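Reviewing the structure listed below.
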Amino acid sequence: MENFIEVKDVVKQYDGHIALDHVSVNVPQGCIYGLLGPNGAGKTSLIRIINLITKPDSGTVTIDGHPISEDDVANIGYLPEERGLYKKMKVGEQIVYLARLKGMSKNDAQREMLQWLERFDLVEWRDKKLEALSKGMQQKVQFIATVLHKPRLLIFDEPFSGFDPVNADQLKVEILRLNEEGSTILFSTHNMESVEAVCERISLINHSQVVLEGRVDEIRQQHKKNIIAVDLQKDEVLQPCDELFTQLPPAMGNKETLIRLNSGVAIRDAIAWLNEHHRLNGFHEILPSMHEIFIETVKG
Amino acid sequence: MEKLKLIIAREYMSMIGRKSFIVMTILMPVLMILIISIPFLVGYLNDAGSDVEKVAVIDETGRYGSAISNTDLFEFIPMRADSVGNPHEFYQKSGGDLAAVVVIPRDVDSTAQVTIYSENTINVVMKSHINNALSDTITRAKLASYGVPRLQQMIQESTVQVDVKSVKWDEAGGETETSTETAMVVGLVLALLTYMFVLMYGAMIMNGVIEEKTNRIVEVIVSSCKPFQLMMGKIIGVALVGLTQLAIWAIIMGGISMIAGTVLGVSALSDPTAVSTAGMPAEAVNMDMAEMWKALMSVNYGYILSCFVLYFIGGYLLYAALFAGFGSAVDQASDASQFTTPIILIMVVALYAGMACIENPNGPMAVWCSIIPFTSPIVMMIRLPYDVPFWQLSLSIVLLFSTAAGMVWIAARIYRTGILLYGKKTNFKEIMRWIK
């Protein structure tokens, strides 16, 4: 898979404070990519550089193989974390205006807008001022304005914040659909559940540096703690076996028995031993959640 | 360029469509007319409802009692001193029928003193009417007492009011009559127009910038265009809004004055006495109109208006950029005063300097203030009708436009940092760092 966005060795400083310290991120074409990190880690700085809102002090950004330039804004759609539109402007005029700023023609913008308004059940609101809409509807309008010009790169900063579960689901469906239609998607979020649910790859930024990068499944494999959940026959109690594993206290709300393998012990050896000494119904390896990996990495 | 046009169009349409704009545009001429007509209205209302008040004139001399003529408001009743007795008792006996009692003492010829008694506050109009009437009559009586035949007439004939005409020579010695007063008024009007326009629409730009920032839409917009385009779009868009407003006002005012002119003109022609009762013979009024017209025409409008447009654009750009830059540096309008106060102060200084220059339009202060870019758009307007030397004019314009360009550059640097910065108290020191 070719890289659609390549951020190479980017440094950005503000008033002596380093926001990005030699950051490199590669976003493959057609990927849903998560940009993770605690508040103030540098995510927004990086997004603003990819968006051409600010320039890096050093380092390069390429898009689709060429250095990013003013002409590329038409290929980018950006939904900032702090949502905002003109309150006194009519919904339809606003969407068309923002699309035209991205280089779309007026007619195209109007045609596309109608489809999106229908999809989100907002057609009757087209000639209303934005301030007359509920917060959820305003968010949808902003989403439409972000994607209307069919950008090849979509940047969503905390896209689900402020949406109720029903609307958040609808939004997720639309984002996945846009991805299937070919858009590369860059997520910035600290909602780890959504990362596991939709992202293929992530970069974790902490203290202005990329501290973790790669495929979500691979990262979870790398961070596994050799913990296995074993399902024993009812009433059976696990016998200790210090050479192979130690038993862990059960996780909250879960009756499975958890064991951690000693280092160097293969799963099959442990299972063989368990089969010998117990009647085993089944077992599965426990992979750490992205949430755990995030906290571990950031705190560690 | 396409994006700049889009932004200008949005700014323009969004402001033109606002209720506040429409109300302001219609209300302003109405207000102006009201303000102009208040003195007339007040006079009319004053006269219309009130009854005629009676004033007793107690004349101890026996000569001047009937000298005070009645007016629309007051009826003066001459009384002989011996028939009245004590003025206070007389006043009280009238049972509120009398508004006041005027006592003309026996020795008025030498002391020139008259007293008005009343239990109420004395009406100023009455006082001045009595003053005028008695001064006139007593002066005439005194002149007559000298016994010189035709003295009165001689004095009148020897009173001279000198009419100073100003004539301007061109290099070939040709003469044009000029009017200093008209020049002054034209300059003052243009200066005030610039002052008002810059402050009003500068504030509008600043509010627009702050609004976009607090709305957070600015981040979406600058991901589609350059911050500079957004800023310039706003500055130009607001300027167009202002010019539209001025044009509408000009049309409304023009229409009203044409209607008023026709109505007044017709009534003056059909009823010459109506004008003459205003204190001047109709002839004199006509002559004054003609003089005024001539004076108005003596101003070189082509020259003054083209200079005005140049200074107007330069001055507006200079200050609008400042307002936009500072607007981007704050989170809400209430934080902006630390930046706007100095701007307004400079503008006020410019206006006062301009006023002061009326007295000496070619003095050193006038010259310097009309060259310094921050004051020149206002002060030069005052000087323009008085023939500014070419080198001063060109130096001033070049300085103004290069400063305006510099200011736009500086504002753009403040703006692109300011619009993306939230929750930080910004001060001048901080802003200086952004510019570097």
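From the list A:52, A:79, which one is of a type in the set (A, V, I, L, M), closer than 30 Å to residue A:291 by Cα and either touching a Ser or Thr at 6+ places or on another chain (Cβ under 8 Å) or free of Cβ contacts under 8 Å to residues at least 40 places away in the same chain (or both)?
Details: A:52 fails: closer than 30 Å to residue A:291 by Cα.
After applying the criteria, what remains is A:79.
Give me a count of the residues in region A:11-62 that are polar (S, T, N, Q) and either within 14 Å of chain B (Cβ to nearest Cβ) or farther than 22 Å from residue A:152 by Cβ (or both). Spell out the reasoning first.
The initial filter retains those residues of region A:11-62 that are polar (S, T, N, Q), namely A:13, A:24, A:26, A:29, A:39, A:44-45, A:51, A:54, A:58, A:60, A:62.
Retained after the next criterion (residues that are either within 14 Å of chain B (Cβ to nearest Cβ) or farther than 22 Å from residue A:152 by Cβ (or both)): A:13, A:39, A:44-45, A:51, A:54, A:58.
Number satisfying all stated conditions: 7.
Of all residues in region A:134-143, which are within 13 Å of chain B (Cβ to nearest Cβ) and either in contact (Cβ under 8 Å) with a residue 60 or more places away in the chain or surrounded by fewer than 14 Cβ atoms within 10 Å (Cβ to Cβ) (or both)? Working first, answer last.
In the first step, residues of region A:134-143 are kept if they are within 13 Å of chain B (Cβ to nearest Cβ); the result is A:138-139, A:141-143.
Within region A:134-143, A:142, A:143 meet the criteria.
Just one of A:232, A:212, A:287 is in the same structural domain as residue A:192 (by TED's automatic domain parsing) and either within 30 Å of the chain's Cα centre (by Cα) or surrounded by 12 or more Cβ atoms within 10 Å (Cβ to Cβ) (or both); which is it?
Numbers: A:232 fails: in the same structural domain as residue A:192 (by TED's automatic domain parsing); A:287 fails: in the same structural domain as residue A:192 (by TED's automatic domain parsing).
Result of the check over A:232, A:212, A:287: A:212.
Can you tell which of B:366, B:333 is closer than 30 Å to residue B:419 by Cβ and among the hydrophobic types (A, V, I, L, M, F, W, C)?
On the way: B:366 fails: closer than 30 Å to residue B:419 by Cβ.
Of the residues listed, the single one that is closer than 30 Å to residue B:419 by Cβ and among the hydrophobic types (A, V, I, L, M, F, W, C) is B:333.
When the residues of region B:322-377 are filtered to those that are outside any helix (DSSP H, G or I) and polar (S, T, N, Q), which remaining residue is nearest to residue B:234 (Cα to Cα)? Outline the logic, then answer.
Taking region B:322-377 as the starting set, the residues that turn out to be outside any helix (DSSP H, G or I) are B:329-332, B:336, B:358-363, B:370-375.
Next cut, polar (S, T, N, Q) only: B:332, B:360, B:362, B:370, B:375.
Numbers: B:332: 18, B:360: 39, B:362: 37, B:370: 28, B:375: 24 Å.
Here the residue is B:332.
Among the residues of region B:21-42, is any small (Gly, Ala, Ser) and away from chain A (no Cβ under 14 Å)? Spell out the reasoning first.
Within region B:21-42, the first condition is being small (Gly, Ala, Ser), and the residues that meet it are B:37.
Still in the list and also away from chain A (no Cβ under 14 Å): B:37.
So far as region B:21-42 goes, yes, one or more of its residues are small (Gly, Ala, Ser) and away from chain A (no Cβ under 14 Å).
Please state which one of A:74, A:109 is out of contact with any Phe, Trp or Tyr (no Cβ under 8 Å at 6 or more places or on another chain), of a type outside the set (Asp, Glu) and in contact (Cβ under 8 Å) with a residue 60 or more places away in the chain. Before you say what the answer is, go through the steps one by one.
On the way: A:109 fails: in contact (Cβ under 8 Å) with a residue 60 or more places away in the chain.
One residue alone meets the criteria, A:74.
Restricting the search to region B:1-25, which residues are of a type in the set (Asp, Glu) and surrounded by 13 or more Cβ atoms within 10 Å (Cβ to Cβ)? I'd like the intermediate steps shown before the answer.
We begin by selecting, within region B:1-25, every residue of a type in the set (Asp, Glu); these are B:2, B:11.
Scanning region B:1-25 gives a single hit, B:11.
Being among the hydrophobic types (A, V, I, L, M, F, W, C), within 11 Å of another protein chain (Cβ to nearest Cβ), farther than 26 Å from residue A:182 by Cα and part of a loop (DSSP other than H, G, I, E, B) is the filter here; which residues of region A:76-133 pass it? Break it down into steps so the answer makes sense when it comes.
Going through region A:76-133, the residues among the hydrophobic types (A, V, I, L, M, F, W, C) turn out to be A:76, A:79, A:85, A:89, A:91, A:95-96, A:98-99, A:101, A:104, A:109, A:113-114, A:116-117, A:120, A:122-123, A:125, A:130, A:132-133.
Narrowing the set further to residues that are within 11 Å of another protein chain (Cβ to nearest Cβ) leaves A:76, A:79, A:85, A:89, A:96, A:98-99, A:101, A:104, A:130.
Imposing the further condition that a residue be farther than 26 Å from residue A:182 by Cα reduces the set to A:85, A:89, A:130.
The answer is A:85, A:89.
So, restricting to strands (runs of 3 or more DSSP E) that lie completely within region B:90-194, which ones have at least 2 residues that are more than 30 Å from residue B:386 (Cα to Cα) and assigned by TED's automatic domain parsing to the domain that holds residue B:78?
Working: elements: B:98-104, B:115-117, B:166-169, B:175-178.
Where strands (runs of 3 or more DSSP E) fall fully within region B:90-194 and carry at least 2 residues being more than 30 Å from residue B:386 (Cα to Cα) and assigned by TED's automatic domain parsing to the domain that holds residue B:78, they are B:98-104, B:115-117.
Are any residues in region B:222-255 of a type in the set (Val, Ile, Thr) and in contact (Cβ under 8 Å) with a residue 60 or more places away in the chain, and if so, which ones?
Going residue by residue through region B:222-255, those that are of a type in the set (Val, Ile, Thr) are B:222, B:235-236, B:238, B:241, B:244, B:248, B:251-252.
Result: B:222, B:235, B:236, B:238, B:241, B:244, B:248, B:252.
Does any residue of region B:225-233 turn out to be more than 24 Å from residue B:334 (Cβ to Cβ), out of contact with any helix residue (DSSP H, G or I) (no Cβ under 6 Å at 6 or more places or on another chain) and assigned by TED's automatic domain parsing to the domain that holds residue B:418?
Yes, there is a match, as at least one residue in region B:225-233 is more than 24 Å from residue B:334 (Cβ to Cβ), out of contact with any helix residue (DSSP H, G or I) (no Cβ under 6 Å at 6 or more places or on another chain) and assigned by TED's automatic domain parsing to the domain that holds residue B:418.
Might you let me know whether region B:180-199 holds any residue that is within 14 Å of another protein chain (Cβ to nearest Cβ) and among the acidic types (Asp, Glu)? If you could, list the steps in order and put the result at the bottom.
First pass over region B:180-199, keeping only residues within 14 Å of another protein chain (Cβ to nearest Cβ): none.
Checking region B:180-199: not a single residue is within 14 Å of another protein chain (Cβ to nearest Cβ) and among the acidic types (Asp, Glu).
For region B:354-370, how many residues meet the condition of being surrounded by fewer than 20 Cβ atoms within 10 Å (Cβ to Cβ) and in contact with a Ser or Thr (Cβ under 9 Å, 6 or more places away or on another chain)?
Qualifying residue count, region B:354-370: 1.
Considering B:400, B:384, which residue is farther than 20 Å from residue B:360 by Cβ and in contact (Cβ under 8 Å) with a residue 24 or more places away in the chain?
Working: B:384 fails: farther than 20 Å from residue B:360 by Cβ.
Being farther than 20 Å from residue B:360 by Cβ and in contact (Cβ under 8 Å) with a residue 24 or more places away in the chain holds for just one of B:400, B:384, which is B:400.
The values are calculated or read from the model by the stated rules, or taken from the named source; none is laboratory data. Note that the structure is a prediction, hence the values are computed from the model and not measured. Heads up, the Cβs are rebuilt from the backbone with ideal geometry, glycines too, and the neighbour counts pull from every protein chain shown.
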